[in-house]
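Notes follow the structure.
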Amino acid sequence: MSCERYWREGIVLVEHGLDDPHREGCESCTRAHASRQELIEALPTIGAGDTGDPHWQAKVWRRLREQRPRGLRRWHWQLASALAAACFLVLWIGRDRTQIADVHPRIEIIKGGVAMRSLAAHVGDHLRVTVGETSDVWIYRVDRLALACRARTPSAGCAPSAHGMVVDWRLSVPGQHWVLVIEAAGALRPRGNLDEDLGALESADVSYEKHRVPVR
Amino acid sequence: MVMWKIPGDTAEQTSHDNADIRAALRANDVHRALTLMMNRYGDEVYRFAYVMTRSYPLAEEVRQQVFVEVYRDLASFEGRASLSAWIFGIARHRCLDATKKHRRWVHRFKNDPPSDEEPDDREPEREIDRGKLAKILASCLAKLAPAARDAVVLRYHRELSYDEASAIAGDNAGTLQQRVARALPALRRCVDARLHTRARR
């Protein structure tokens, strides 16, 4: 009969390098141990004498030689990538400078010194209009002209900046306000009435942006 | 100039002094060091890879890849483990990769369902041809779970101590002992079953 104890417990003792006193007086356990020994002795013989490809070392050297040029190519790729990134950066900076010269009009409501996210304004807030250096700004309260700023020309509420002009207008009365940003500086002079000025801009085919600013 | 770190090789001083390899590394003669390592460990790595993958082409592929990596990573080898433990650690990983790549993993290395039968050691003094037994053993090893197979191969095929096997497998020696103690009965059962099948033919 097979020695179940040996395969469950005795073998654990053997692997831990401990004595198994039970085995001394147990014939089946002794046989089981011999059976284990047979396995242990046979295990190192697996693949014994197999040496594989006789030219394997040469193949290792060849692989190593092939990897070196690949390394160089990788280095070239890295250099090319770095140059491409540098070119992109230069172009991007150039593009940015071009954009700075032609700032997209920005209309903001300033409440307590902080620019708000919406154009819903209250009396006492400030209207800030930022434009590029080739734009005029006309501000209307209801439909009457309240402020006209000419490009690059400083005046009350109109401050030329490094990249254009910043218009600051305190909203002192409630009602609808309109901001016109005229793209071609000096093309027209405002007459004072919103509808008439819009008509004149249309007639002269001058491009402009119109922004509504409600003030409560 | 790269200065190679010299491996301690305390674990293998009994089997290989590796003084020649250390001298070559100290002299920054990597070509000679790799040649010596290939001469010394190449066939062992191949046999180890064969037992792990049970495929001669995969074993050859693993052996070549191992020494390519040894060459590449010599500078980062810190000598904390012995040189052979380091090489066989790489080999072990490449074997696992190779078997996964060939999608044989699931079929080859899953465990047999546990059997209620104990190994049959009733046959007195069986005379089994060693070559046949080795072949049967190789196929039975492949049926063990990967962790169990690792432990058995490192301990009894590579004939390492549990401490040395632990340095390669990354598990502690006690865990490896437990795995081997559980794997050997399964291996014995598998071998017996194959032998009985052959005897019936």
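The values are calculated or read from the model by the stated rules, or taken from the named source; none is laboratory data. Computed from a prediction, not measured in an experiment: that's the story for all the values here. Positions of Cβ are generated from backbone atoms using ideal geometry, with glycine treated the same way; all protein chains shown enter the neighbour counts.
Taking (1) touching a Pro at 6+ places or on another chain (Cβ under 9 Å); (2) at pLDDT below 85; (3) assigned to a helix (DSSP H, G or I) in turn, B:Glu118 satisfies each apart from (3). Could you please find all residues in the range A:141-170 being part of a loop (DSSP other than H, G, I, E, B), hydrophobic (A, V, I, L, M, F, W, C) and either under 34 Å from the mean Cα position of the chain (by Cα) or at pLDDT 90 or above (or both)? Hit for the range A:141-170 is A:Ala162, nothing else. In this structure, does A:Glu209 turn out to be part of a helix (DSSP H, G or I) and of a type in the set (D, E, K, R)? Taking the combined requirement at face value, the residue does not satisfy it. When the range B:25-76 is filtered for residues that are polar (S, T, N, Q), without any contact (Cβ under 8 Å) to a residue 40 or more places away in the chain and more than 17 Å from A:Arg65 (Cα to Cα), the ones remaining, listed by number, are B:Asn28, B:Asn39, B:Ser76.
To keep it simple, each residue is scored yes or no on (1) out of contact with any Asp or Glu (no Cβ under 6 Å at 6 or more places or on another chain); (2) buried (at least 16 other Cβ atoms within 10 Å of the Cβ).
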{"residue": "A:Trp7", "(1), (2)": "no, yes"}
{"residue": "A:Val14", "(1), (2)": "yes, yes"}
{"residue": "A:Ala32", "(1), (2)": "no, yes"}
{"residue": "A:Ala48", "(1), (2)": "yes, no"}
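Using the structure shown, decide if A:Arg117 is loosely packed, with under 10 Cβ neighbours inside 10 Å and basic (Lys, Arg). So that I can check it myself, show each step before the final result.
Numbers: loosely packed, with under 10 Cβ neighbours inside 10 Å: yes; basic (Lys, Arg): yes.
Yes: the conditions hold for A:Arg117.
Determine, yes or no, whether B:Ala75 is of a type in the set (A, V, I, L, M, F, W, C), assigned to a helix (DSSP H, G or I) and more than 28 Å from B:Ala134 (Cβ to Cβ). Answer is yes for this residue. One residue stands out in the range B:137-155 among those that are surrounded by 22 or more Cβ atoms within 10 Å (Cβ to Cβ) and facing chain A (nearest Cβ under 9 Å): the one that is farthest from the chain's Cα centre (by Cα), namely B:Leu137. Is it true that A:Thr130 is at pLDDT 85 or above and assigned to a loop (DSSP other than H, G, I, E, B)? Judged against the criteria, A:Thr130 is not a match.
Filtering the range A:45-56 for residues that are assigned to a helix (DSSP H, G or I), under 54 Å from the mean Cα position of the chain (by Cα) and either within 29 Å of B:Arg72 (Cα to Cα) or modelled with pLDDT of 85 or more (or both) leaves a non-empty set.
Scanning the range A:1-55 for residues that are of a type in the set (Asp, Glu) and more than 7 Å from chain B (Cβ to nearest Cβ) yields a count of 7.
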